[in-house]
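Undergrad: Pasting a structure here, questions to come.
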Amino acid sequence: SPAMGAVGPAGALSLAGVLGGGGAQPAGTPLPLDLGRPVPPGGDVLSHGRGLDCWEVRKHNSSEWCRFVRSNPDCRLDGGFLNYLEGAFCVFPPRLLPLAVTLYATWLLYLFIILGVTAEKFFCPNLSAISTNLKLSHNVAAAMSVFSLTSPLHGVTFLAFGNGAPDVFSAVVAFSDPRTAGLAIGAVFGAGVYVTTVVAGGIALVKPFTAASRPFLRDVIFYMVAVFLTFMVLYFGRITLGEALGYLGLYVFYVFTVVLCTWIHRRQRGEGLAPPRPWEPELPTDAEEPESSVTNSGDYGEEYQPLLPSRETSLRILTAALRPLDYRKWRRKPWYWRLFKVFKVPVELVLLLTVPVVDPDKDDLNWKRPLNCLHLLTSPLLCVLTLKSGAYGLYQIQGIFPVWALVTLVGSILAIIIFLTTSNEEPPKYHCVFAFLGFLASAMWINAAATELVNILRTLGVIFQLSNTVLGLTLLAWGNSIGDTFSDLTMARQGYPRMAFSACFGGIIFNILVGVGLGCLLQMTSSQLVVKLEPDSLLVWILAGALGLSLVFSFVSVPAQCFQLGKAYGACLILYYLAFLCVALLTEFRVIRLPTL
């Protein structure tokens, strides 16, 4: 692999030394991850074989852009299927650069749609099915999750891992390259500021409510501890193996605390869930009519079920299972829902073809024999073709037989055997295996989309000469948080503001602890047990300070109001975020800067 990575401080070698091509690097030397604006290296950098920073391409004449991008090792994008930098500076002529930016921005929005649909309708349901299959109690499952309609205690229940998957995958992908590590820190901290101010404040504006005192204090304290640990890691400029494991251990301790608190609460109540408070309705009313885990119009309500059971042909089952649009719902929905659905349908169709979903809430567990047999071919093929951007799938065994052909052959044989030994009406006993296959396939989809997302954000940063940190705290944080925003505000409008408010704090604890801990842990090797973090930009400290200050504000003001949260509290949080955003952008454009000593 060629040399790459931002140049660190004097005497520190970059990741290029580890990967080869950048000179030898002593064992035990920390891997530097540059979190700020790339600083143009000084001196005779080219003589050291490192090349100029890719961020400097716009400083050259437009006729030299393509040659600069192709010859500079720092402009090479790791992973991904498309080279966005070459596309912007080589495929499009300089005068059409705005067109390239428009296309990239459109594709960026579509990548967020892919992440959201995959996590919501395929990753989360399979995770739920695995939890049910392993006979995990709801309390244990609650520890892995963020949001549930069935627990009025707090919003920290079921599927945090699923809801946080796009954030965590994006962070892990960003941490994998020193040049994009700033995206991870910016996104983790930026999403934290956004969710705890804009989303939490919006809930208070939509529906004033009384917050659950103990869950709120527990979640805010854990989150403040996580932010403090990250602040200290940035201050010392490195994260060790023990500290990375400490992040994951703190999340495990948080899980244990949630389970213990839930058990104590239910024990005090005697049995079952606690009775609803006077300010909460007993049953949720879903005004949005959420779609089922799989957008499958073949699943009808009771009024549409035939009176007498009839045997459907395999072709009809396959056709119905691959229909991602419910025409009855289409007719009832407003125009903006239909427009958004038009963009989602191609994604849902491809996902239905490649990702099986097991639904424990259905009598047939969502068993579709012809489609599930097809999944035995398409899901493994998807995994090998998306792993390392297809490098493993295209590898030829003994230089003759490609891996993808072997996977196709084995998958086809398994599909034929299962099709001949099962029936359309009853799922086989081993149907739960499809949940694990669907979990893996959807994770590979999320990882592939997150890789493209990080690469395109880095390209936009080079085009507009923006730091990774500001891109992370704006575009990446907003994109990953938009689903939480809509779901939490919808829940608040339906009369469940307490759950939505708790989800604001419970979900992002998972993102910061697992995102930073796992992201750095995966970059360590047996000879490199330290990852060096280099917050060269003032913006990183402003971001960390803003998140800490917002948490302290809520920690003090919410109990001071006796946990009665109204519109004044919500307005203060939103104004705080706008002020933070102004300071961050002014810092990015060097209007605000530290005096040079």
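Undergrad: Restricting to the range 532-571, what's the tally of residues that are crowded, with 18+ Cβ neighbours inside 10 Å and among the β-branched types (V, I, T)?
TA: Of the residues in that region, 3 qualify.
Undergrad: To continue, here is another question. Keeping to the range 386-445, report how many residues are among the hydrophobic types (A, V, I, L, M, F, W, C) and over 28 Å from the mean Cα position of the chain (by Cα).
TA: From the range 386-445, those among the hydrophobic types (A, V, I, L, M, F, W, C) are 387, 391, 394, 397, 400-401, 403-407, 409-410, 413-420, 432-437, 439-441, 443-445; that's our starting set.
So of that shortlist, the ones also over 28 Å from the mean Cα position of the chain (by Cα) come out as 397, 400-401, 403, 405-407, 409-410, 413-420.
Total meeting the criteria: 17.
Undergrad: Test L111 against the criterion of being under 21 Å from A477 (Cα atoms), of a type in the set (A, V, I, L, M), touching a residue at least 12 places away in the same chain (Cβ under 8 Å) and open to solvent by less than 10 Å² (accessible area, probe 1.4 Å), and give yes or no.
TA: Numbers: under 21 Å from A477 (Cα atoms): yes; of a type in the set (A, V, I, L, M): yes; touching a residue at least 12 places away in the same chain (Cβ under 8 Å): yes; open to solvent by less than 10 Å² (accessible area, probe 1.4 Å): yes.
Yes; evaluated as a whole, the condition is true for this residue.
Undergrad: Note down all Cβ pairs under 6 Å where the first residue falls in the range 543-569 and is aromatic (F, W, Y), the second is open to solvent by 20 Å² or more (accessible area, probe 1.4 Å) and assigned to a helix (DSSP H, G or I), and they're at least six residues apart or on different chains.
TA: F563/S213
Undergrad: Considering only the range 447-481, state which residues are of a type in the set (S, T, N, Q), assigned to a helix (DSSP H, G or I) and within 20 Å of F189 (Cα to Cα).
TA: Across the range 447-481, the qualifying residues are T451, N455, N468, T469, T474, N480, S481.
Undergrad: Here are some residues: A449, A415. Which one is within 22 Å of F175 (Cβ to Cβ), in contact with a Leu (Cβ under 7 Å, 6 or more places away or on another chain) and buried (at least 16 other Cβ atoms within 10 Å of the Cβ)?
TA: The unique qualifying residue is A449.
Table: residues versus (1) open to solvent by 10 Å² or more (accessible area, probe 1.4 Å); (2) of a type outside the set (K, R).
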| site | (1), (2) |
| --- | --- |
| T180 | no, yes |
| I185 | no, yes |
| Y194 | yes, yes |
| A204 | no, yes |
| R214 | yes, no |
| R218 | yes, no |
| Y223 | no, yes |
| A226 | no, yes |
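Undergrad: From the list F589, F505, which one is open to solvent by less than 30 Å² (accessible area, probe 1.4 Å) and under 22 Å from W478 (Cβ atoms)?
TA: Being open to solvent by less than 30 Å² (accessible area, probe 1.4 Å) and under 22 Å from W478 (Cβ atoms) holds for just one of F589, F505, which is F505.
Undergrad: For the range 306-421, list the helices (runs of 4 or more DSSP H) that sit wholly inside it and hold at least 2 residues that are under 26 Å from N126 (Cβ atoms) and not hydrophobic (A, V, I, L, M, F, W, C); which are they?
TA: 314-321, 335-354, 369-386, 403-421
Undergrad: I would also like to ask the following. Does Q494 meet the test of being open to solvent by 10 Å² or more (accessible area, probe 1.4 Å) and under 30 Å from A211 (Cα atoms)?
TA: The answer is yes for Q494.
Undergrad: Being open to solvent by 30 Å² or more (accessible area, probe 1.4 Å), among the β-branched types (V, I, T) and within 15 Å of the chain's Cα centre (by Cα) is true for just one of I482, I512. Which residue is that?
TA: I482
Undergrad: Moving on to the next point. All but one of (1) modelled with pLDDT under 75; (2) in contact with a helix residue (DSSP H, G or I) (Cβ under 6 Å, 6 or more places away or on another chain) hold for F122; which doesn't?
TA: The one condition F122 does not meet is (1).
The values are calculated or read from the model by the stated rules, or taken from the named source; none is laboratory data. Nothing here was measured: the structure is a model prediction, and the numbers come from that model. Every residue, glycine as well, gets a Cβ built from its backbone with ideal geometry; the counts of neighbours run over all protein chains shown. These area figures cover heavy atoms from the full protein model, side chains too; ligands, DNA and RNA do not enter into them. Shrake-Rupley method; radii C 1.70, N 1.55, O 1.52, S 1.80 Å.
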